[in-house]
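The values are calculated or read from the model by the stated rules, or taken from the named source; none is laboratory data. These numbers come from a predicted model, not from an experiment. Backbone-built Cβ (ideal geometry, glycine too); neighbour counts: all protein chains shown. Quick note on the areas: whole protein, heavy atoms, side chains included, nothing else; ligands and nucleic acids left out. Shrake-Rupley method; radii C 1.70, N 1.55, O 1.52, S 1.80 Å.
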Amino acid sequence: MVKITSVCVFCGSSFGQAERYREEAARLGGLLAEHGIALIYGGGGVGLMGVLAQAALAAGGQVIGVIPRFLERAERGVHSLTRLEVVESMHERKERMFALSDAFIILPGGFGTLDETFEILTWKLLALHDKPVVLVDLDGYWRPLEQLIDHVIANGFAHAPSRASFRTTQSVDAALAEIARAPQPRVAPAAPERL
(Lines give C-alpha, C1' and ligand atoms only; values in the text may rest on other atoms or scores of the structure.)
Protein backbone atom coordinates (compact mmCIF):
# COMPACT_ATOMS: atom_id res chain seq x y z
CA MET A 1 0.00 0.00 0.00
CA VAL A 2 1.27 3.43 -0.90
CA LYS A 3 1.35 6.30 1.61
CA ILE A 4 -0.58 9.13 -0.03
CA THR A 5 0.36 12.63 1.14
CA SER A 6 -0.94 14.61 -1.83
CA VAL A 7 -3.68 14.12 -4.41
CA CYS A 8 -4.08 16.04 -7.66
CA VAL A 9 -7.70 16.62 -8.59
CA PHE A 10 -8.70 17.40 -12.18
CA CYS A 11 -12.16 18.93 -12.51
CA GLY A 12 -14.18 21.58 -14.30
CA SER A 13 -13.69 25.34 -14.19
CA SER A 14 -17.49 25.40 -14.62
CA PHE A 15 -20.10 23.98 -12.25
CA GLY A 16 -21.83 21.68 -14.71
CA GLN A 17 -25.58 21.07 -14.65
CA ALA A 18 -25.94 18.71 -11.68
CA GLU A 19 -25.87 19.97 -8.10
CA ARG A 20 -24.26 16.67 -7.11
CA TYR A 21 -21.06 17.71 -8.90
CA ARG A 22 -20.68 20.68 -6.52
CA GLU A 23 -21.60 18.57 -3.50
CA GLU A 24 -19.03 15.90 -4.29
CA ALA A 25 -16.32 18.46 -5.10
CA ALA A 26 -16.91 20.08 -1.69
CA ARG A 27 -16.97 16.68 0.01
CA LEU A 28 -13.69 15.68 -1.61
CA GLY A 29 -12.00 18.90 -0.49
CA GLY A 30 -13.18 18.30 3.07
CA LEU A 31 -12.16 14.64 3.06
CA LEU A 32 -8.65 15.39 1.81
CA ALA A 33 -8.20 17.94 4.60
CA GLU A 34 -9.63 15.54 7.18
CA HIS A 35 -7.13 12.84 6.14
CA GLY A 36 -4.18 15.24 6.12
CA ILE A 37 -3.74 14.88 2.36
CA ALA A 38 -2.63 17.98 0.46
CA LEU A 39 -4.83 19.01 -2.46
CA ILE A 40 -2.99 19.79 -5.68
CA TYR A 41 -5.17 21.43 -8.32
CA GLY A 42 -5.29 23.99 -11.13
CA GLY A 43 -5.25 27.05 -8.86
CA GLY A 44 -8.53 28.61 -10.03
CA GLY A 45 -11.36 29.97 -7.95
CA VAL A 46 -14.15 29.22 -10.43
CA GLY A 47 -16.45 26.25 -11.02
CA LEU A 48 -15.80 22.91 -9.36
CA MET A 49 -12.15 23.88 -8.91
CA GLY A 50 -13.16 26.76 -6.69
CA VAL A 51 -15.66 24.68 -4.69
CA LEU A 52 -13.05 21.97 -4.14
CA ALA A 53 -10.30 24.36 -2.99
CA GLN A 54 -12.54 26.44 -0.71
CA ALA A 55 -13.89 23.29 0.99
CA ALA A 56 -10.37 22.00 1.62
CA LEU A 57 -9.24 25.37 3.01
CA ALA A 58 -12.36 25.69 5.20
CA ALA A 59 -11.57 22.28 6.70
CA GLY A 60 -8.00 23.35 7.50
CA GLY A 61 -6.35 21.50 4.63
CA GLN A 62 -3.22 22.28 2.67
CA VAL A 63 -4.03 23.45 -0.86
CA ILE A 64 -1.46 24.03 -3.58
CA GLY A 65 -2.62 25.54 -6.85
CA VAL A 66 -0.71 25.69 -10.11
CA ILE A 67 -1.98 28.16 -12.70
CA PRO A 68 -0.57 29.56 -15.94
CA ARG A 69 -0.06 33.32 -15.89
CA PHE A 70 -2.41 33.86 -18.83
CA LEU A 71 -5.28 32.09 -16.98
CA GLU A 72 -4.84 33.86 -13.64
CA ARG A 73 -7.55 36.37 -14.48
CA ALA A 74 -10.01 34.08 -16.30
CA GLU A 75 -9.88 31.32 -13.68
CA ARG A 76 -9.52 33.82 -10.82
CA GLY A 77 -6.32 32.44 -9.33
CA VAL A 78 -6.78 32.03 -5.58
CA HIS A 79 -3.98 33.80 -3.72
CA SER A 80 -5.26 32.74 -0.27
CA LEU A 81 -4.16 29.13 -0.86
CA THR A 82 -1.40 27.48 1.12
CA ARG A 83 0.63 28.14 -2.02
CA LEU A 84 -0.21 29.35 -5.52
CA GLU A 85 2.42 28.66 -8.15
CA VAL A 86 2.17 30.77 -11.29
CA VAL A 87 3.76 29.10 -14.32
CA GLU A 88 4.18 30.13 -17.95
CA SER A 89 2.29 27.41 -19.86
CA MET A 90 -0.30 24.67 -19.68
CA HIS A 91 2.47 22.11 -20.19
CA GLU A 92 4.38 23.47 -17.21
CA ARG A 93 1.17 23.44 -15.15
CA LYS A 94 0.57 19.75 -15.86
CA GLU A 95 4.19 18.80 -15.23
CA ARG A 96 4.21 20.67 -11.91
CA MET A 97 0.91 19.18 -10.73
CA PHE A 98 2.24 15.74 -11.64
CA ALA A 99 5.49 16.30 -9.72
CA LEU A 100 3.64 17.43 -6.58
CA SER A 101 1.15 14.53 -6.51
CA ASP A 102 1.08 10.94 -5.26
CA ALA A 103 -2.24 10.12 -6.94
CA PHE A 104 -4.95 11.56 -9.21
CA ILE A 105 -8.71 11.87 -8.82
CA ILE A 106 -10.81 13.04 -11.76
CA LEU A 107 -14.19 14.69 -11.18
CA PRO A 108 -16.53 15.83 -13.97
CA GLY A 109 -15.10 18.50 -16.24
CA GLY A 110 -14.71 19.67 -19.81
CA PHE A 111 -11.96 19.75 -22.42
CA GLY A 112 -9.26 20.83 -19.96
CA THR A 113 -10.13 17.97 -17.62
CA LEU A 114 -10.10 15.53 -20.55
CA ASP A 115 -6.71 16.86 -21.66
CA GLU A 116 -5.23 16.43 -18.17
CA THR A 117 -6.77 12.98 -17.79
CA PHE A 118 -5.53 11.65 -21.13
CA GLU A 119 -2.05 13.04 -20.56
CA ILE A 120 -1.69 11.48 -17.10
CA LEU A 121 -3.03 8.15 -18.43
CA THR A 122 -0.70 8.28 -21.44
CA TRP A 123 2.28 8.96 -19.17
CA LYS A 124 1.25 5.96 -17.09
CA LEU A 125 0.98 3.72 -20.15
CA LEU A 126 4.40 4.94 -21.27
CA ALA A 127 5.75 3.83 -17.85
CA LEU A 128 6.68 7.38 -16.87
CA HIS A 129 4.81 6.87 -13.59
CA ASP A 130 2.80 4.27 -11.69
CA LYS A 131 0.63 6.55 -9.55
CA PRO A 132 -3.04 5.66 -8.90
CA VAL A 133 -5.61 7.32 -11.18
CA VAL A 134 -9.31 7.24 -10.25
CA LEU A 135 -12.28 8.54 -12.22
CA VAL A 136 -15.27 9.53 -10.09
CA ASP A 137 -18.20 8.55 -12.29
CA LEU A 138 -20.97 10.68 -10.77
CA ASP A 139 -24.31 9.63 -12.23
CA GLY A 140 -22.61 8.03 -15.23
CA TYR A 141 -20.66 11.15 -16.26
CA TRP A 142 -17.54 9.22 -17.32
CA ARG A 143 -19.34 6.22 -18.85
CA PRO A 144 -18.97 7.57 -22.44
CA LEU A 145 -15.22 7.99 -21.84
CA GLU A 146 -14.93 4.40 -20.64
CA GLN A 147 -16.87 3.25 -23.71
CA LEU A 148 -14.48 5.19 -25.95
CA ILE A 149 -11.47 3.57 -24.27
CA ASP A 150 -13.06 0.13 -24.67
CA HIS A 151 -13.69 0.98 -28.36
CA VAL A 152 -10.02 1.94 -28.83
CA ILE A 153 -8.96 -1.38 -27.27
CA ALA A 154 -11.50 -3.40 -29.28
CA ASN A 155 -10.15 -1.86 -32.50
CA GLY A 156 -6.56 -2.78 -31.75
CA PHE A 157 -5.16 0.67 -30.95
CA ALA A 158 -4.42 -0.27 -27.33
CA HIS A 159 -3.89 -3.50 -25.41
CA ALA A 160 -6.57 -4.76 -23.04
CA PRO A 161 -4.29 -4.24 -19.99
CA SER A 162 -4.43 -0.49 -20.75
CA ARG A 163 -7.91 -0.56 -19.17
CA ALA A 164 -6.24 -1.27 -15.82
CA SER A 165 -4.34 2.05 -15.90
CA PHE A 166 -7.21 3.66 -13.99
CA ARG A 167 -10.05 2.74 -11.66
CA THR A 168 -13.63 4.04 -11.65
CA THR A 169 -15.76 4.73 -8.57
CA GLN A 170 -19.21 6.20 -8.00
CA SER A 171 -18.29 8.61 -5.18
CA VAL A 172 -15.37 10.58 -3.78
CA ASP A 173 -15.40 8.43 -0.62
CA ALA A 174 -14.87 5.34 -2.78
CA ALA A 175 -12.15 7.12 -4.76
CA LEU A 176 -10.15 7.81 -1.60
CA ALA A 177 -10.62 4.21 -0.49
CA GLU A 178 -9.43 3.01 -3.92
CA ILE A 179 -6.28 5.14 -3.67
CA ALA A 180 -5.61 3.88 -0.14
CA ARG A 181 -5.72 0.28 -1.47
CA ALA A 182 -3.33 0.97 -4.35
CA PRO A 183 -0.11 -1.02 -4.30
CA GLN A 184 3.24 0.67 -3.85
CA PRO A 185 4.31 1.99 -7.29
CA ARG A 186 6.90 -0.11 -9.07
CA VAL A 187 10.36 1.43 -9.12
CA ALA A 188 10.95 0.83 -12.82
CA PRO A 189 7.76 -0.22 -14.61
CA ALA A 190 8.29 -1.92 -17.95
CA ALA A 191 7.49 0.17 -21.03
CA PRO A 192 4.57 -1.18 -23.07
CA GLU A 193 4.94 -2.28 -26.70
CA ARG A 194 1.82 -0.34 -27.61
CA LEU A 195 -0.53 1.94 -25.68
**Study point:** With DNA, RNA and ligands ignored, accessible area of Lys131 (1.4 Å probe; Å², nearest 10)
**Key:** 40
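Might you tell me the accessible area per residue for the range 24-168, computed with a 1.4 Å probe and given in Å²?
On a per-residue basis, 44 Å².
Ranked from the most accessible area to the least, with a 1.4 Å probe and all protein chains present, what is the order of Leu57, Leu138?
On the way: Leu57 45, Leu138 0 Å².
Highest to lowest solvent-accessible surface, that is Leu57, Leu138.
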Review point. Which of rounded, prolate, oblate describes the range 73-174, given a ≥ b ≥ c as roots of the alpha-carbon gyration tensor eigenvalues and a/c under 1.5 marking rounded, otherwise prolate only if a/b is larger than b/c?
Key: prolate
Study note, to complete from the structure: Quick calc, Phe15 & His159: beta-carbon distance into FRET formula, R0 35 Å, rounding 0.05, result 0.45
Point to revise | Structure-derived P(r) over Cα pairs in 10 Å bins from 0, in percent - corresponding label in (i) 9, 38, 37, 14, 1; (ii) 8, 30, 30, 17, 7, 5, 2, 0; (iii) 9, 32, 31, 20, 7, 1 | key: (i)
Revision key, fill the gap. Taking 24-33, 87-96, 142-151 and ranking on average Cβ neighbours within 10 Å, highest first, one gets 24-33, 87-96, 142-151
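If you roll a 1.4 Å probe over the range 22-76 with all protein chains in place, what percent of the accessible area is carbon or sulfur?
Numbers: 1020 of 2190 Å².
Whole-percent figure for carbon plus sulfur exposure: 47.
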Practice item. Assuming a ≥ b ≥ c are the square roots of the Cα gyration tensor eigenvalues, decide whether the range 112-159 counts as rounded (a/c under 1.5), prolate (otherwise, with a/b larger than b/c) or oblate. Key: oblate
